[in-house]
Every structure is written in structure tokens, then in C-alpha cells.
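Taking it in order: structure first as C-alpha cells, then the write-up.
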Amino acid sequence: MSEIQLRHSSYIRNSLVRTDVNAFMGKISSLLFRSIDLDSESLMTLKEYRDKGHAVYVSYQSSNAPLLIIVNLLRKHGFKDPELSLDFTPNIFQMAVNLFDSFTALFGRLSGGKKTAAVSDRDYIIDFLRDGRSMILSLLSRKLFIRRYIEIKSDTLQYLVEAQKEIDTPIFVYPQVLFWNQNPVRTRAFMTSRATGNRGFFSGLFTVSKSGTPAFLRIARPINLKEEIENSPADDPRQIAMKLRTRLLEIYNNEKFSVLGPVIKSQQEMMEKILYHKNVLDEIAAVSNKDHVPERKLRKKAYRYYREIAADFSIIVIKWFNKAVQYMFTKIFDGINYSIEDLKMVREAAQRGPLVFVPSHKSHMDYLIISSLFYENKIIPPHIVAGANLSFFPMGQIFRRSGAFFMRRSFRGLKLYPVIFRQYIKTLVSEGYSIEVFIEGTRTRTGKLIPPKLGILRYLIETIEEGYNKDMIFIPITISYDRILEESTYHMELKGKEKESESTSNFVKSRKFLKRKYGKVYLSFNEPISFAEYRDGLKEGEDVTFSLAGHIMRKIGEIVTATPFSVASSAMLLSSAKGFTRDILRRRVGIMTDYLKFAGARMSDTLERAASTDEVLDYVLDSYFQDGIVSEPVAGVGKEGKRDVLQGVYTLNENERSRINFYKNSIIHFFLPATFCALAFVSRDTGEGVDGQAVADTFADLMDLLSEEFVYSEALLDTSAMIERVLGYFTGRSVIGESGGRYSVTPEGREEIALFAKGVQDLLEAYHAASDCALQVRKRLGRKEMVYEVRKNGIKLFHLGEIRFTESLSVPYYENAISRMERAGALESVQSPRKPAEILVRDDRIVSEMKSRIERYLLPLQKL
């Protein structure tokens, strides 16, 4: 009996990848497009799902060049490459070979050769997948559209659905997009190159060579086809395939948007849209009528304001600026740590509405790091709200072209400017641009999070309330540093030195920062917050701006990373002793690290991976020794003229305490529950222990007293539950014991209680200096003058021994203490028509009460 040869359709024959022709063209492709690669997130996705099921790749391009690029990249990185490519356009050589093979087969059949049997496309594809082989199909192929729509033949996706119904192993459908560049679509451009266009070899090579941004392949998280079928209400393969197609097209559009962003309007178009908006024109008319100013003059002023504010986004400038920034980062940092999963979360959030990134603000490096991180990971960088102080030449123009738009520090006395700025924000949101806002308003000089400024947030909320967009998604971000570049500058500002304005000369001087390393940087992203969902969940009458601002700040605080420097600095500072041994430091670091884990704080990789505490201490001490922050005391000079150093003993330079207090303060909010509970034992335990009510009273009093200093976490606001947790923690570690409803500090727990209690000693000493000064002031003082008087009093008290920690001599602490006394009714801010507001002591009795409250905790603390 003669052998029957299986005969495949021309559709299948044209789809075979592993042919001699494709092998030849593949080598040419790998040479011509060697600069194209997978992005890191795609590689991570492929590794995560490797060997979990059958792989089917879905491309949104259909020419032969993208196909071979994809195949080459999968082989390069060791993944199973597709053997079948459905609905791609074969190259001209492959078409000629296939045509010749078809004529040969036809001639053989007509001349009475081997008997053949046709195999349906459906059966071939199902058997192909059952054998565990990989395939790729083009979703946006014209040939496929004609096949399934006009010729009414089966959809390739329907074959996949039918195959999955017959195969137990799940089929994973990987959407992938080949980006020829990262250039956003612009409404006005001399030459445009669609980033995701369907290109052949010559067109693709031309686009890659002339584009200012790199080409790359993105592979999105795959769709588990088995789960899709199980979860589908319909059982018909055609309906499931149509639903799958819709989802794949949505993924395509979402991937394009996350990489390229919305259509970039020219500055002229944005200006027309904003300056001709009814809100702006109405304000011009109102000011003209009220102040009798010609409308032409006001329009000219509006034009100048717009030019002062507006960004002029250019991805090409961002590319070259990023190269300079990356070079700088390699010079000054040992690495920038972040999670790819966080970036996946950002991409997914972008599908729900315009993104508003809300980072903490510790350094000028913050916005450079975020924009660079997004660009490097193929996410469109955001527009950034920047202070007008950063618009100096030449950096102002570079920042503007990198997406920064500028805001004056104060809108006081300006009638037209706020309206134009507000309309600019609304237009950005309506167009779908992502925005980066530093909600603290300025860089923190103390390391603690600053209470939020509500102005920009209020503008953003107005944007949604007025219908410019349906929703916006806030993403809290925290940037933690081992050490910051501005360390010395902040140190001087804490002592009262005026902040130097950003300028060209200061920019030139900043080259000195490139001469040393500042350790690692850690970026953390918290869960996205939908404004619409948050607003709908508020109680009636609750202020949405104030509530949302607090919520965002709490979410920022949750994801602060504890670094070796923040933990070791805390261990060094939380003691009245001027020195410490390595054993003492090792023990304190161990105590603090254990509590941070209990509190759920994120730990840096250096802390997590360190083989021992000594490894962490060496890392920090080496850095502090170089800067003269820590030293080894010298007993004298030996006989040979050598210094006799006390080995294993370290002293902390008194003048440098406030310099490293920044790092302690960056994680102090995690320790507050333990600190407040510990202070209950320090201030109230007379030898018979304290009961739960005493702890609760102390906890509530300190939260109220220091309310200007912290944005308390949700967990801390549930005080009874938090107190119970902390007391349970202390009991479990044998720091305290419980008997008859009263808690006492154990002998072995005294060091730990003292360590935690001293966490806010610097704040209490600053508040003591402020309240003591307020009792002596007998005249009105401007706010700056009042702060100066408090600082003078603080220095006096330090030399008299009433203040022990030099880091308490801090201008930001004094400003907060004055604000706290104002809120309590002890001081009053009096506004004069022509003068800045002045501070007046309103009630000495309230000041005295506050001072007594402070001393209740401070005096026992200073005895430890």
C-alpha cells in the first residue's frame, strides 16, 4: 500500500518560520537591527512565565522584518522561538520558494506520484500546539482581516480557543509591540515616524537610524487562555475569540500610551487653547473693568505669564539630558534600586486615567531620578511642577524641554497669573498628560516629611470636578538616599543661614559633587489612588482636599526605605553619651532593625543582605570617618610621637549631629509608637509601674503636642490598637513585664526603653527653647525675627545645659513650635496692611502650660 503524504494549505506553508530563506534573512536582520533589544520588564515577564504553558506571541505588525526581529531576540535571550508565523507577509524570496514548491507538488499529483491527504489549518494548529511548539500571529494583518471578514474564514484566534479546549496545558498569549522609537506623536512635525508602524527592512532601518530615541521590543503580561475560557459566560469559540481580540487591542493601545503618552501638542496649540479659554478671557475682562487697565495690556501680560509657566516637552532633549544624568549618577551613586513590579503597576494605573506622581522631596536629585527611571524603562516621563527658582539659564531651558513647567512661590498680589497657571494644569489633565507634583512644596531640611501644601492639589481636584477628565490616579513615591548631596547645605540652613538661590554660578560650582560617592538610592511606589473612588468614599461634609493630602502623605510615609545610614545614625544620636563602642552600636542597630521589621518598614538591600551588623557598621562608619563626622578619640601622644588612639571607641562630632540627624528623621515616624509608649514609662513610672490608661494618656498628649511635626499614619491614629501592639512587642522581648494590669520596665529592658524614648528628645528641646523664649518676649516680632530670638535662646540654653542635643537648634523645629503655639492660642499672628504678619504673645498662661507639658517628658529624658 503506497504511503500517503500529508498536504498543508498554502496558508500554513507561507507561515513556516524555520526555512532556509528565513534563516538567511534572519542573519541579515540580526545585523541590521542589532541595536534593538527587549526591555528589562519584558525579560522579567518572559522569565516569570517560562515553562508554565504553551507560548503564543501576538504581534501588532505583519511584515517580515518585525517577525524576524522578534524571532532573533527570543533566540538571543534563550527563549523558545516561534516555528509558525500566522498572517505575516512573507518576504519576496519566501513567496517565490513557496510558489515553486506549490507547482512541484501539483505536478507530482497530476503525474500520478505519491498520494496526498489535505490537513485542515485547524487540525494542523491544534497538533502544532499540542506538541509544545511556539507560534506567533499578527493581529492587525490586512490579509487576516480579509480572510476572516470578507472570505468569512475562521479567525486564527478562534483556532487558539479551539486548541485550548482540547489541550490541558494552558496556552499563554503574549501581546508584544515593536517600537521603532520612543517619539510621542506630535500634532505638528516636519517628519513623523510612527513608533509602532508596520515596516519592512528598508523602512525599518531608515526609521531606526534617523530616530533620536532607541527602538525596542515590549512584551506585556500574557493572557492565560485556559482561564479566559473558564471565566467566559459564553462557550462559543467565535465569541470567546472576539472578546480575546478586543482585549488584545486594548493592551496594544495601553502599551502605546504608557510608552508614548498622549499626542503632544505644540506650544502654540497649548497657548491658543489656554489663553483663549473662557476662564482666562473672563478674568482679563474682570480685571480690565475693575482696575481700568486696557485689555490689550492685560493680554500681553497673560502671554508673558504663559511663556513663563509652560513646558516645551521634547523626547529628544530628554534622551540627551538623560545621558548626562546617567553619567552623573554613575559618578555619585552606587546604584538606584527599584522594583520592576512597581513599574508594571504604574503602566496598569495609566489605563485608568491621567497619572499624578506624588514623590517625597529630599533632594534636587528627586525629579532627575524619576524622569530618568521612566525614560530608561520605556515609560513616558511626566510634566513636572517646578519652582520658578529653577528657571535660571541654562538649566531652566533644559528643564522646560524635559517637561518642567514653572510656578512662582507666591501668587500674592497677582490677579491674572493664578488663573493662567490653573488653566494650564487643567489643560494638561484634560489632554491626558502625566504630572509630577511635590506635595510638600519644598525639599525637607530635617529629613521628616513636611505637612502638605494644598494649592496644587486643589487645582487638580478642581480639574476633575469641572469635568476636564473623569478621574486621575495619584501614585505616592518615596525616594530614600544613603546620603544626600545637599547634606552640608541643609546643615547650614538648619542653623539659620539663608537658602542660596539657584543660579548659573551655583550650577557651575556643583561640579564638586561629582568627586565622591553618596551610596545608594531607593525608589518605592505605593498603590495607586483613584481620586474618584477616594472622593466617593468620604463622609458627607469632609474636606476632600485636606483629607486626600493627608492620605497621600501617609502613603508616602509607609514606603520609606530604612537604609544603613538611617538606622546607624539613629543608633548614634539617641544617646546622651558623647561616645560609643562598636558593641554598643551593634546592639542598638540590632534593636532598631528588629523594631523596623515589626513595624513593616521596607529595608534596603544592604540591610537585608548584610551577613552581619558589622558589615553595615563598616559601611556607615567608613563614610562618616572620611567626613569627620565620627572619629576615634586620642588619649595622647606616645613615646615614638604617634597618637595613642582608643581603639574600638568612637566619638560623634557635636557640630555634625544635625547633619546626620536628617537620616534619623527619615525613619523616625516608624518608631513613634514605641517612642510614645517608652516615654510613658520614663515620665510616669515612679517605681510601681504604669497602667494602660497612663500609657494611653501619654500617647495622646505627645501626639497632640508634636502634631505640627508629623503626618501620623492610619495605624497610629488607631491609638488603642497601636498601644496594644507595642506593649505586646515590648512584653515579647522581655523589655517590660505585666502584673495586675500594670506594666514595669525590666532590668534588661532599660536600655531599649531609653533608646526609643530619646527618639523625640531633639524636638522636645526645640519646643522647650521656643516656649521659654515666648515667655520672655514682650513686643510684636516678625516671624523671621521670632525664629531668630528662639534660636538665640536655644543656643543660650544649650550652653547652660538645659538643652543637650545640638540637633535641637534647628530653624524648621522652631518654626513648627511657633505654629503649634499659634494653634494652641498662645501666640497670635497679626496681619498689617503694609507689613508682613507679626507674632504677638497672646496668652502667657497657655505658653506656661505648654512648657510644663514639654518639661514633663524632657527632664526625665535628660537624666537617662
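The values are calculated or read from the model by the stated rules, or taken from the named source; none is laboratory data. It should be emphasised that the depicted structure is a prediction, and the values quoted were computed from it without experimental measurement. Counting neighbours? That spans all protein chains shown, and the Cβs are built from the backbone with ideal geometry, glycine included. Just so you know, the surface numbers come from the protein's heavy atoms only, side chains and all, with ligands and any DNA or RNA stripped out. Shrake-Rupley method; radii C 1.70, N 1.55, O 1.52, S 1.80 Å.
3J(HN,Hα) couplings calculated from phi for region 369-379 with the Karplus curve 6.51 cos²θ - 1.76 cosθ + 1.60 (θ = phi - 60°) are, in sequence order, 5, 5, 5, 5, 4, 5, 4, 4, 9, 6, 10 Hz; Gly and Pro show x.
In region 405-455, what trypsin sites (Lys or Arg not before Pro) fall in a loop by DSSP, with at most 15 other Cβ atoms inside 10 Å? Let's see the in-between values first.
Values: sites: R408, R409, R412, K415, R422, K426, R443, R445, K448, K453; in loops: R408, R409, R412, K415, R443, R445, K448, K453.
The qualifying sites are R409, R412, K453.
Dipole magnitude for region 307-378: computed about the Cα centre from +1 point charges on Lys and Arg Cβ and -1 point charges on Asp and Glu Cβ, it is near 160 debye. A simple charge model with +1 on the Cβ of Lys and Arg, -1 on the Cβ of Asp and Glu and nothing else charged puts the dipole of region 175-266 at about 620 debye relative to its Cα centre. Under Stokes-Einstein, with the Kirkwood radius over Cα pairs as Rh, the value for the chain at 10 °C and 1.306 mPa s is 50 µm²/s. Answer rounded, prolate or oblate for region 307-350, using the Cα gyration tensor with square roots of eigenvalues a ≥ b ≥ c: rounded when a/c is under 1.5, else prolate when a/b is larger than b/c, else oblate. Oblate, since a/c reaches 1.5 and b/c is not below a/b. Since only A23, Y813, A678 are under comparison, the one whose Cα sits farthest along the positive direction of the charge dipole of the chain, derived from C-beta charges on Lys, Arg, Asp and Glu, is A23.
Projected label points at F393 and E230, each 7 Å from Cα along the beta carbon direction, are separated by 6.6 nanometres.
Shape verdict for region 529-573, please, from the Cα gyration tensor: rounded (a/c under 1.5), prolate (a/b greater than b/c) or oblate. Intermediate values should be presented prior to the final figure.
Numbers: a/c = 6.08, a/b = 3.21, b/c = 1.89.
The shape class here is prolate.
Name the residue from G557, L205, I425 whose Cα lies farthest towards the positive end of the charge dipole of the chain, charges +1 on Cβ of Lys and Arg and -1 on Cβ of Asp and Glu. Of the candidates, L205 comes out farthest on the positive side.
Annotation: extensible slack from V119 through A824 equals 245.2 nm (criterion: 0.36 nm per residue apart, minus Cα-Cα distance). Computed over protein heavy atoms with a 1.4 Å probe, the carbon and sulfur contribution to the accessible area of region 414-494 reaches 56%. The residue among P175, L390, T545 whose Cα reaches farthest toward the positive pole of the charge dipole of the chain, with charges on the beta-carbon of Lys, Arg, Asp and Glu, is L390. Hydrodynamic radius of region 396-522 by the Kirkwood approach over all distinct alpha-carbon pairs: 17.6 Å. Computed from label points 7 Å out along Cα-Cβ, the spacing between S739 and L414 is 6.7 nm. Bridging of K642 to lysines at a Cα separation below 26 Å is possible for K578, once same-chain residues fewer than 8 apart are set aside.
Loop-resident GluC sites (Glu not before Pro) (DSSP state other than H, G, I, E or B) in region 683-785 with no more than 10 further Cβ atoms inside 10 Å of their Cβ: E688.
Where a ≥ b ≥ c are the square roots of the eigenvalues of the C-alpha gyration tensor, would you call region 774-864 rounded, which needs a/c under 1.5, or, failing that, prolate if a/b is larger than b/c, or oblate? Don't jump to the answer; show the numbers that get you there.
On the way: a/c = 2.44, a/b = 1.64, b/c = 1.48.
Judged from the Cα gyration tensor, region 774-864 comes out prolate (a/c at least 1.5, a/b above b/c).
Restricting the chymotrypsin sites (Phe, Trp or Tyr not before Pro) of region 587-645 to loop positions (DSSP other than H, G, I, E, B) with no more than 12 neighbouring Cβ atoms within 10 Å leaves nothing. Annotation: the antiparallel percentage among DSSP beta bridges lying fully within the chain is about 45. Per-residue extension of 0.36 nm, minus the Cα-Cα distance of S10 and K80, leaves a gain of 22.7 nm for this segment.
A Förster distance of 25 Å, applied to the separation of the beta-carbon atoms of L717 and M345, puts the FRET efficiency at 0.45. Multiplying the residue separation of A577 and T442 by 0.36 nm and removing their Cα-Cα distance gives an extension gain of 45.2 nm. Here the Kirkwood formula puts the hydrodynamic radius of region 588-688 at 16.7 Å, using every distinct Cα pair.
Annotation: Cα Rg of region 728-840 relative to the compact-globule expectation 2.2 N^0.38 Å equals 1.45. The residues of region 311-434 present an accessible area of 33 Å² per residue when probed at 1.4 Å with all protein chains retained.
Accessible area per residue for region 676-797 in Å², computed with a 1.4 Å probe and the full protein assembly in place, what is it?
Values: 5000 Å² over 122 residues.
On a per-residue basis, 41 Å².
The charge dipole of region 675-818, taken about its Cα centre with unit charges on the Cβ of Lys, Arg, Asp and Glu (plus for the first two, minus for the last two), comes to roughly 740 debye. Every Cα-Cα pair in region 296-394 was counted, and those over 23 Å apart are 38% of them.
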